[in-house]
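Engineer: Here's a structure for you.
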Amino acid sequence: MTQNMPRKKPNTRAVLAQLISIKPSDDRVFKPVHCTGDGTRTVGTGVSVKPPAERAHMKTEGVVQAAPFGGRKQSLIEDARRERGSGSAGSPGPSRYGDGFVFEEKDGRVTLNVLFTLSNEKNAGFFKTGKIFETFEAKLLHIESRPGRKSKNSTTDLEFFMKCEVHSSDLDVFINSLKRVVDDVRSIPEEKVPWFPRQIKDLDRCNMLITKFDPDMDQDHPGFSDPEYRKRRAYISELAFRYKHGDPLPTVEYTAEEVSTWREVYQQLRSIYPSLACRQFLDGLQQLERECGYGEDRIPQLREVSAFLREKTGFQLRPVAGLLSARDFLASLAFRVFQCTQYIRHSSAPMHSPEPDCCHELLGHIPMLSDKEFAQFSQEIGLASLGASDEDIEKLSTLYWFTVEFGLCKQNGAVKAYGAGLLSSYGELVYALSNEPEYKPFHPEETAVQPYQDQTYQPVYFVSESFEDAKIKLRRFSTTIKRPFAVRYDPFTCSLEVLDQPSKIQNALSQMREDLKTLHGALEKLSSS
């Protein structure tokens, strides 16, 4: 539509009725009243989240995005960098009007987030605002209100947030017209939060394989020239692709050759664990050997290992066909779910794997996830990732890499390994605890930007004082992640609650008070006995 063409007049009563129907809230936050018609959900003040079906990077049913086969350390970090680059490439950013107003323009229309104050002395301003919307054919997309904060008459003044769409050519006149009838007119950029799962069943959607490690993708893969191995891998991967939340975890009947590969890996690593692995890992492995059938003659099944973990720390396993995208993998940790492969490395290279396999998962990760402090640390990383920007996902992936995968810690005056990448690799475990690499104290701000090595062993490892110390530092670092909300995990419903309203925070505090009463009562009984 050109500027000279006649425009259809909107229904004045409808516009005013939409404004009049909005009542001030008793809370000190904006209350959402209307959402856009494109399926966008609103989080907090002016935050829109696209539904899962519209995620550009989500795999479609039965189709997996594949990338060329990489080295052994094709990692979450590399994926996060790719996602960050692809997410920012070609996406139009916000523009700025002369007075500092931020907007997005498309097809001759401007989408604008406007904040303004309507004072009690300007009752007519409310109706004049509706008239301005009518005059400029402004399409009202969203409106919220709250009691005024800045003015002296905060009990009677109102603040409004409006998301609207106007013709580009009318922008300056539209804004100036608003300034004549209301006070403190300003705009804010719209914060678009990436989709993230809210319930544990939503993890069915978190299944994007950035790198599909099929053995026939590169000649350097140990299984490249073995058609039987490729066929076996495809079969086991299909079990993971078909899995949905609530299904029984699939069982794999491992062949004699696969068990032989497992035996060699188990024997070699088990011989050096006592002197190099941390106490928590050794305790977890001993429990797995006693209670879960861990040993050199049998590859444990995910179903029994998952049941073991749930009793110890509340973590559970979920089958996966390969390396997930960084965002999807970290989101799973927020629900205390660990995505676990079931295939095993090729028998020709039992001490080397170019990808995560069941030796890496079952020997490297599972013993540590049976420790409560470490399980909490892992979940903290996952919670911090929810709704984070691509830049922050890259930082969190790097933190995960240098802690959960390749972390070291101090115990009894010595440095021990707790990272799964070390504890499932004989060569790097010995190297990491030799005099060759450089050690640095774990500080998330530094660790999150440390370059990593993907062709050979790491030149630098980060040493934590303890898991509790690492958890405290991680929580402090998480506060630097820019999100317009906080999240809280509910272990009773296995769901996440977005704490974006005072009422939700009050409910969480009420539950905490009840827990504190229980603890206080327990202390009183102990002191009186």
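The values are calculated or read from the model by the stated rules, or taken from the named source; none is laboratory data. Given the structure is predicted, the values throughout are model-derived calculations rather than measurements. Note that each Cβ is placed from the backbone with ideal geometry, even for glycine, and that neighbours are counted across all protein chains shown.
Engineer: Please find, among 474, 499, the residue that is under 25 Å from residue 374 (Cβ atoms) and either in the same structural domain as residue 388 (by TED's automatic domain parsing) or in contact with a strand residue (DSSP E or B) (Cβ under 8 Å, 6 or more places away or on another chain) (or both).
Structural biologist: From the options 474, 499, the qualifying one is 474.
Engineer: Where in region 441-529 are there helices (runs of 4 or more DSSP H), lying wholly inside it, with at least 2 residues that are at pLDDT below 90 and loosely packed, with under 10 Cβ neighbours inside 10 Å?
Structural biologist: Fully inside region 441-529 and qualifying: 502-528.
Engineer: Another one. Among the residues of region 406-437 satisfying the criterion of being in contact with a Lys or Arg (Cβ under 9 Å, 6 or more places away or on another chain) and not in a loop (DSSP other than H, G, I, E, B), which is farthest from residue 278 (Cα to Cα)?
Structural biologist: For region 406-437, the residue satisfying everything is 421.
Engineer: Taking only region 389-404 into account, find how many residues are under 20 Å from residue 359 (Cα atoms) and either of a type in the set (Lys, Arg) or in contact (Cβ under 8 Å) with a residue 40 or more places away in the chain (or both).
Structural biologist: 4
Engineer: Does residue 269 count as more than 16 Å from residue 305 (Cα to Cα), in the same structural domain as residue 322 (by TED's automatic domain parsing) and touching a helix residue (DSSP H, G or I) at 6+ places or on another chain (Cβ under 7 Å)?
Structural biologist: Criteria met by residue 269.
Engineer: Can I ask one more? In this structure, does residue 260 turn out to be in a helix (DSSP H, G or I), surrounded by 12 or more Cβ atoms within 10 Å (Cβ to Cβ) and at pLDDT 90 or above?
Structural biologist: Yes; evaluated as a whole, the condition is true for this residue.
Engineer: Further, regarding this structure: Looking only at region 156-196, which residues are closer than 12 Å to residue 116 by Cβ, surrounded by fewer than 20 Cβ atoms within 10 Å (Cβ to Cβ), more than 33 Å from the chain's Cα centre (by Cα) and not aliphatic (A, V, I, L, M)?
Structural biologist: 177, 179, 180, 183, 184
Engineer: Additional query: State which residue pairs qualify: first residue surrounded by 23 or more Cβ atoms within 10 Å (Cβ to Cβ) and inside region 410-434, second residue assigned to a loop (DSSP other than H, G, I, E, B) and among the aromatic types (Phe, Trp, Tyr) in any location, beta carbons under 6 Å apart, and separation of 6 or more residues or different chains.
Structural biologist: 419/406; 421/406; 422/406
Engineer: Could you list, ordered by first residue, the pairs with Cβ atoms under 9 Å in which the first is in region 488-506 and over 15 Å from residue 201 (Cα atoms) and the second is hydroxyl-bearing (Ser, Thr, Tyr) and at pLDDT below 90, at least 6 apart or interchain?
Structural biologist: From region 488-506, the pairs are 500/45.
Engineer: Would a scan of region 244-256 turn up a residue that is over 29 Å from the mean Cα position of the chain (by Cα), surrounded by fewer than 14 Cβ atoms within 10 Å (Cβ to Cβ) and assigned to a helix (DSSP H, G or I)?
Structural biologist: yes
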